[in-house]
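Heads up: the structure comes next, in structure tokens.
No lab work stands behind these numbers, since they all come straight from the coordinates. Remember, predicted model here, so these are calculated numbers, not experimental data. FYI the Cβ positions are ideal-geometry reconstructions off the backbone, even for glycines, and counts take in every protein chain you see.
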Amino acid sequence: MFLSTSIFIFLSSLVAGLIGALLGLGGGIVIIPVLTLILGIPIHEAIGASIVSVIATSSGSAIAYVRDKITNIRIGMFLETATTVGAITGAFIASHISVKALFITFALLMFYSAATMTRKRNARYIEGQVQEDPLAKRLSMSGQYFDKALHKEIHYRVAHVIPGWLVNYTAGILSGLLGIGGGAFKVLGMDVFMRLPMKVSTATSNFMIGVTAAASAGVYFTRGDINPVVAGPVAIGVLIGALAGTRIMVRLKSKTLRLLFVPILLFVAIQMLWKAWSM
């Protein structure tokens with residue numbers, strides 16, 4: 001029974017790592033529902049394992065995206081000042097919030113993300129349309145990367161730096177509360193507010209989520225919410241899945257990434273609301 005459960009967790013984590021690397025979500029979006037809804041593992045222990053999965057996803061994907069120059073390191077480091085503080089805040093708040101509230105918060109986050117991505121599903125990044133934020137210009141945030149799907153160099157500018165920073169602070173709080181790395185909000189903050197290309201948003205989110213998760217992992221470990229029996233197969237599976245996901249993402253179009261994003265978010269949101277309703 002123990003072996004079969006571990007294998008199931010490992011295989012689920014492979015999928016989580018793949019999705020996390022593709023969409024910049026950190027893998028927690030799959031891990032938490034699997035552990036809580038299917039295996040009946042307590043939510044706080046599932047969040048602890050998810051924190052580990054987020055770090056593993058970031059480790060597996062960040063190297064490839066940085067090597068391909070898709071990740072914007074300047075933006076990632078700047079936004080980490082917001083998400084790290086938010087993650088520590090969220091981790092301390094988590095022990096004072098009910099399990100039902102955690103499920104509902106998670107579901108609302110997913111619905112919001114799905115609605116935003118649906119509205120932008122056909123949006124394309126057009127060079128020269130974005131007006132560069134003066135702060136972004138001062139910090140040299142704008143950049144370029146080679147898009148393997150479009151077979152051309154994409155030059156982009158960065159807009160609305162402060163709103164993007166505030167969204168990432170919220171993402172950090174959600175990471176500390178729910179163990180998902182705040183990836184959904186980070187991608188939305190960069191894609192919707194800062195007007196970055198979808199691939200840059202995804203890759204930079206993957207770069208950031210590991211740091212954000214690490215900021216709150218110590219708190220969960222101290223409280224005893226990280227169970228090695230669960231976190232072990234999660235970490236290995238997610239790492240392998242993330243490595244595979246990076247190879248796929250660079251060859252997909254931005255529209256395809258958005259189409260993948262929406263149904264996953266809706267499915268998880270509905271499952272979480274059902275769980276909260278049945279309590």
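Computed about its Cα centre, the charge dipole of the chain is approximately 780 debye, with only Lys, Arg, Asp and Glu carrying charge at their Cβ.
To the nearest 500 deg cm²/dmol, what mean residue ellipticity at 222 nm is calculated for the chain from DSSP H runs of n ≥ 4 alone, each contributing -39,500 (n - 2.57), summed and divided by the residues? Before the final figure, lay out each step's value.
Working: 11 runs with 197 residues, N = 279.
For the chain, the value works out to -24000 deg cm²/dmol.
Mark the label point 7 Å from the Cα of Phe111 along Cα→Cβ and return the residues of the range 256-279 whose backbone N is within less than 18 Å of it. Residues 262-279 fall inside that zone.
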